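Working notes, beginning with the structure itself.
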Amino acid sequence: MTGAFEEQELKDRLSLIETMIAEGRQTTERWGWSFVLWGVAYYAAIVWSAWGRSNLAWPVTMIAASVLTVVVGRRLARRRASKALGRTLHWVWMGMGISLFVLMFSLAYSGRLDLHVSCAIIGAMLGMANATSSFILRWKMQFGCALMWWATAVAACFVSDSACMITFLVAIFICQIVFGIYGMIADARLGKPGAAHA
């Protein structure tokens, strides 16, 4: 009798873990728009700083993207209940974003920031956040994004300026825009009656 009870308790716990992981993936999919937004913001800052030669390009673009993320995120949060795992992932990404902003702003202000350092730092930090999310959610696709960001960070330390920029632009496209669109499509499918999770 005790063995059957313990077996059922173990099954219930495993079911709860699987449910929490599925809810965490759904939360990430629901935030797919923010991956796209940040990918576009990176592209806008790159174009503005290259063509406009302005030191304001990155700070203004990143602050605007941050404000837009908070405003839209709060608006969407009112419509859907936030789960514990989703909140945990939110704070992982928030911590990474704040760390990245403080570090990049300080390096830029001090005059010690260049293309290779920028790409290495951004790649490593986005790799960390994607990896953490993928480990928690057991999601291979997001771990693929982490690997691509880490490869970008490593490449930035060894390749030419043009190869560094190309690697960074490709990583933004695949890990931000494509992954974000994938999340938006998966979220839209979940919203349809009778739709199964992709």
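Nothing in this text is a laboratory measurement; each read-out follows from the coordinates by a stated rule. Bear in mind that the values here come from a model prediction, so they are computed numbers and not experimental data. Cβ coordinates were reconstructed from backbone atoms using ideal geometry, including for glycine residues, and neighbour counts include every protein chain displayed.
Structural remarks
- Unpaired cysteine residues in the chain (no second Cys Cβ under 4.7 Å): 119, 157, 164.
- Extending 7 Å from Cα along the Cβ direction at residue 72 and again at residue 160 yields two label points whose distance is 3.6 nm.
- Per-pair calculated FRET efficiency, R0 = 22 Å: residue 12 and residue 83 via Cβ, rounded to 0.05: 0.75
- Value of relative contact order over segment 2-191, rounded to a whole percent, pairs C-alpha under 8 Å and six or more apart: 33
- Proximal charge balance of residue 4 [Cβ under 13 Å; K/R count +1, D/E count -1]: -3
- Extension gain (nm, one decimal) between residue 4 and residue 173, 0.36 nm per residue minus Cα-Cα: 55.8 nm
- Packing order of peptides 174-182, 97-105, highest average first: 174-182, 97-105 (average count of other Cβ atoms within 10 Å over each peptide's residues).
- Its Cα centre serving as origin, segment 2-191 has a Cβ charge dipole (Lys and Arg +1, Asp and Glu -1) of approximately 580 debye.
- Reported label for calculated percent of Cα pairs over 30 Å apart given (1) 14; (2) 27; (3) 23: (2)
- Inter-label distance for residue 115 and residue 92, nm, one decimal - labels placed 7 Å from Cα along Cα-to-Cβ: 3.2
- Computing FRET efficiency as 1/(1 + (r/R0)^6) for residue 49 and residue 124, where r is the C-beta to C-beta distance and R0 is 25 Å, gives about 0.75.
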